[in-house]
There are 4 protein chains.
Amino acid sequence: MKVNDRYVSFYYENDNDYGDIIIDPKKTALLVIDMQHVFISRPTIESPTQEEQKEAIRWEPFYKRIDEVIIPNNQKLLKFFRDNNLEVCFAKIQCQKKDGSDRSLDQKATGYNELLLPPGDPLAEIVPELKPQEDEIVVQKTTDSAIAGTALSLWLRNMGIDTVVCTGVLTDQCVSGTVRSLADESFKVWLIEDACMASTMELQEHELTVLNNIYCHVINTEELINAIK
Amino acid sequence: MKVNDRYVSFYYENDNDYGDIIIDPKKTALLVIDMQHVFISRPTIESPTQEEQKEAIRWEPFYKRIDEVIIPNNQKLLKFFRDNNLEVCFAKIQCQKKDGSDRSLDQKATGYNELLLPPGDPLAEIVPELKPQEDEIVVQKTTDSAIAGTALSLWLRNMGIDTVVCTGVLTDQCVSGTVRSLADESFKVWLIEDACMASTMELQEHELTVLNNIYCHVINTEELINAIK
Amino acid sequence: MKVNDRYVSFYYENDNDYGDIIIDPKKTALLVIDMQHVFISRPTIESPTQEEQKEAIRWEPFYKRIDEVIIPNNQKLLKFFRDNNLEVCFAKIQCQKKDGSDRSLDQKATGYNELLLPPGDPLAEIVPELKPQEDEIVVQKTTDSAIAGTALSLWLRNMGIDTVVCTGVLTDQCVSGTVRSLADESFKVWLIEDACMASTMELQEHELTVLNNIYCHVINTEELINAIK
Amino acid sequence: MKVNDRYVSFYYENDNDYGDIIIDPKKTALLVIDMQHVFISRPTIESPTQEEQKEAIRWEPFYKRIDEVIIPNNQKLLKFFRDNNLEVCFAKIQCQKKDGSDRSLDQKATGYNELLLPPGDPLAEIVPELKPQEDEIVVQKTTDSAIAGTALSLWLRNMGIDTVVCTGVLTDQCVSGTVRSLADESFKVWLIEDACMASTMELQEHELTVLNNIYCHVINTEELINAIK
């Protein structure tokens, strides 16, 4: 079933089964994934090397979109869920041991996915605009999927949740892993295209196309809010 | 294989395969289970009803053994593991939501296993004598098994741990569930008879007999320390 | 909550919250655990040693009760569930590799829980009286808990099952591990006292007392059938 | 770390940490994913509608590459692993219940991922060229990830396996989900670019780029065999 004609992959090109966006708010949770300084705030480097300057330029479009589109839409969604007393939860990458020995292998590698975010590291904090409130669940994970390495799916089921609205970063990494895990665990998943982001728009659009209709339905912030209202 | 002749059940009565207590400290973690006020500290009730007084008398032998034997032995084990830079971790029952909606069904029941320990509840605290230090892992669970509802087995494996020394309460409930889960997940398990406790010595001895040789080996604090030293 | 006054442990002695046995058949599955030749059929040994003769005598009361009570009650339950088109599933211990390398550590030990039941081993077969039919689910496990080492809890949830009726052997081992896992996974569990068995009646009664009211409700075959009818 | 310069995504463009392909064969298993008739054999339709003819043309390049490249390379890998007594395992999509009620939600949808492959369905068979032998593990899954809905990760760990070589279909769906799950479970993963396939080469190349260096290393059949020899 499709709910729109955007992000249609080869598999669903000739599929003509269309449906409405139907969501039961009482069984739905918003899951904001990895919106932490380390991933979405420009690193502050006193005297950047030429290498670091080049890297900053390469990533600038990502940070710009995070600031202008992704954070505002996550704020909009958080406000809507909170105003309507709907369930909100968060995932963040953070290990338990100072030396990171508890991390899964995909976070102990070198390069981009070398992630050492021990307890107390300010880089691991969720950005203040999206700060968790009161007893909103925040799972700390040492995996990419927010389901594989946490008790989240058990807790959500215990709470009567069968539908998860996913946002956050990075669409092709932790978001994709989480969406796939949730679908395998039989949750209905809605992925919000203007509230999640990959490093580039090309990766973003590709991943939305891969996930859409198979593991989730990709809609935008406004469509989600209208469907629940 | 038996390592001694205590707590031998029907299944192992005629088994004559004896072995030594051999433990590789670098691959071993101490897991202290549910040593929280709610379970092991006498409740303070201003003007107890007759019913509550009767209940206090019924539980008194339990609290006495906790104070005189179980806490001191856990302190001894914690000191030994910390002095030797060995891994220490804790499990505690605590839910994430104020209303306890995230708890598993066996903790939402009425009676003894109605367990509502929301974030910030002082009753959920681990007793000060056994307080976790620095980056020692503390898993919060809404299940009885410390494995079923947490990422602990993943983290332990990531850390190169294949052996777990279990202590805590209650031997026939969360300790038993955790020992069984650990064995099913292929950890070698050592259960410390004078550092864990059920509500009565009869339940304690029965459960040690059921678990011993099948899911773990039951030894005492001194034997464990001597084996590692 | 108690549903009767049998098998009451220390924890529930003074609990006066009584309820009825209420079961929604459409959300209920019968789970028959490990009723395999290796566990419940007398071993056929051509010329038994004195040791083996002694062992046969020691186990005779177990086999007698299996034959006279446990198998007939499991047959009664299977017939009732099948006649009413209710869900039936089975667990059995069986590894995938001839050499048993895929078994969890608690099944690679020596003594009673050295369990090498490779594919094709007739000893691993479920006894003919209780043979699975058509598309009844049979999970093969290399663990004691039928939940820890299989996809069963996922499949049951996918099928809309939230209640499991447990029977089989051994009450203090695989049955207990499965009941505890199911409760932690938020299934309602009913354990049928005259359709499950430990090696001795003493172990049987003790384990029923430990599990009852905490992880399940212990009732008998007739009570279960009457509650669903 | 990169092992070559192919399939490099934005994240690893400027990464200069190169390493060799180092694989310990004794700790390595080959995992062949979903090479079943339903996915990789042209459907035989007696009198195809115009719609079905169009669909056949659209998929023809996929089937061609399966026949000419993917099956031969899987055969090569299977022969190499078997000749060297290395571990081989398979995953296949197959539900347990005739009506498919046990399937996860992402396999109960309409369109491409409506997958009803009940017991005995010949379409669910692994193609004869790649037929599992003797006690090679074959996990039946109702999920996309071969890890999420099976006991495979437990069995592999029990067998001392810490490295998995992945092949099969579809690279962007079950293969990607499995690779991500394996990485989260701390397995080292090698994905064989000329032994796995998505529906189109564009999806194939994109998914390899997304997964490479983050969740696995993408190499080809020859490189894998040379590294182990």
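The values are calculated or read from the model by the stated rules, or taken from the named source; none is laboratory data. All values reported here derive from a predicted model rather than from experimental measurement. Here the Cβ is made from the backbone with ideal geometry for all residues, glycine too, and neighbour counts use every protein chain on show.
Which residue is surrounded by the most Cβ atoms within 10 Å (Cβ to Cβ), if the candidates are limited to region D:1-16 and must be under 30 Å from D:GLU87 (Cα atoms) and at pLDDT 90 or above? Outline the logic, then answer.
Going residue by residue through region D:1-16, those that are under 30 Å from D:GLU87 (Cα atoms) are D:1-8.
Okay, now just the ones that are also at pLDDT 90 or above, so D:2-8.
On the way: D:LYS2: 19, D:VAL3: 18, D:ASN4: 15, D:ASP5: 8, D:ARG6: 14, D:TYR7: 22, D:VAL8: 16.
Restricting to residues being under 30 Å from D:GLU87 (Cα atoms) and at pLDDT 90 or above, the top hit is D:TYR7.
With respect to A:LEU130, determine if the residue is closer than 15 Å to A:CYS166 by Cα, touching a residue at least 12 places away in the same chain (Cβ under 8 Å) and within 16 Å of the chain's Cα centre (by Cα).
So A:LEU130 fits the description; yes.
Within region D:127-156, how many residues turn out to be crowded, with 19+ Cβ neighbours inside 10 Å and not small (Gly, Ala, Ser)? Don't jump to the end; show me each part of the working.
If we filter region D:127-156 for residues that are crowded, with 19+ Cβ neighbours inside 10 Å, which is where we start, we get D:130, D:136-137, D:139, D:141-156.
Add one more test, that the residue is not small (Gly, Ala, Ser), and what stays is D:130, D:136-137, D:139, D:141-144, D:147, D:150, D:152, D:154-156.
The total comes to 14.
Quick test for you: out of B:LEU105, B:LEU115, pick the one residue that is facing another protein chain (nearest Cβ under 7 Å), more than 15 Å from the chain's Cα centre (by Cα) and modelled with pLDDT under 95.
So the residue among B:LEU105, B:LEU115 that is facing another protein chain (nearest Cβ under 7 Å), more than 15 Å from the chain's Cα centre (by Cα) and modelled with pLDDT under 95 is B:LEU105.
Among the numbered criteria (1) within 14 Å of chain A (Cβ to nearest Cβ); (2) of a type outside the set (Asp, Glu); (3) in contact with a Gly (Cβ under 8 Å, 6 or more places away or on another chain), which single criterion is violated by D:MET35?
Going through (1) within 14 Å of chain A (Cβ to nearest Cβ); (2) of a type outside the set (Asp, Glu); (3) in contact with a Gly (Cβ under 8 Å, 6 or more places away or on another chain) one by one, D:MET35 breaks only (1).
Looking only at region B:4-20, count how many residues are farther than 16 Å from B:HIS217 by Cβ and assigned to a helix (DSSP H, G or I).
1
For region C:162-175, which positions are within 8 Å of the chain's Cα centre (by Cα) and among the polar types (S, T, N, Q)?
Those that are within 8 Å of the chain's Cα centre (by Cα) and among the polar types (S, T, N, Q): C:THR167, C:THR171.
What number goes with the only condition from (1) among the aromatic types (Phe, Trp, Tyr); (2) in a helix (DSSP H, G or I); (3) under 18 Å from D:CYS174 (Cβ atoms) that D:PHE90 does not pass?
In the conditions (1) among the aromatic types (Phe, Trp, Tyr); (2) in a helix (DSSP H, G or I); (3) under 18 Å from D:CYS174 (Cβ atoms), D:PHE90 misses (2) alone.
Across region C:73-98, what is the number of residues that are in contact with a strand residue (DSSP E or B) (Cβ under 9 Å, 6 or more places away or on another chain) and away from chain D (no Cβ under 14 Å)? Give the steps one after another, and end with the answer.
Residues of region C:73-98 that are in contact with a strand residue (DSSP E or B) (Cβ under 9 Å, 6 or more places away or on another chain), as a first pass: C:73-74, C:76-78, C:80-82, C:86-97.
Adding the requirement that they be away from chain D (no Cβ under 14 Å) leaves C:73-74, C:76-78, C:80-82.
The total comes to 8.
Could you tell me how many of the residues in region D:21-46 are in contact (Cβ under 8 Å) with a residue 60 or more places away in the chain and either charged (D, E, K, R) or in a loop (DSSP other than H, G, I, E, B) (or both)?
9
Given the criteria in a helix (DSSP H, G or I) and within 14 Å of chain D (Cβ to nearest Cβ), does A:GLU68 qualify?
So A:GLU68 does not fit the description; no.
From the set of residues in region B:53-105 that are touching a Leu at 6+ places or on another chain (Cβ under 9 Å) and among the acidic types (Asp, Glu), which is surrounded by the most Cβ atoms within 10 Å (Cβ to Cβ)?
Of everything passing the filter in region B:53-105, B:ASP102 is surrounded by the most Cβ atoms within 10 Å (Cβ to Cβ).
Return the total of residues in region A:47-62 being in contact (Cβ under 8 Å) with a residue 24 or more places away in the chain and hydrophobic (A, V, I, L, M, F, W, C).
2
Identify, please: which residue in region B:38-52 is within 13 Å of chain C (Cβ to nearest Cβ) and surrounded by 11 or more Cβ atoms within 10 Å (Cβ to Cβ) and is, among those, modelled with the highest pLDDT? Please lay out each step first, then the result.
Step one: list which residues in region B:38-52 are within 13 Å of chain C (Cβ to nearest Cβ), which gives B:39, B:49-52.
Then keep just the ones that are surrounded by 11 or more Cβ atoms within 10 Å (Cβ to Cβ); that gives B:39, B:52.
On the way: B:PHE39: 97, B:GLU52: 91.
Result: B:PHE39.
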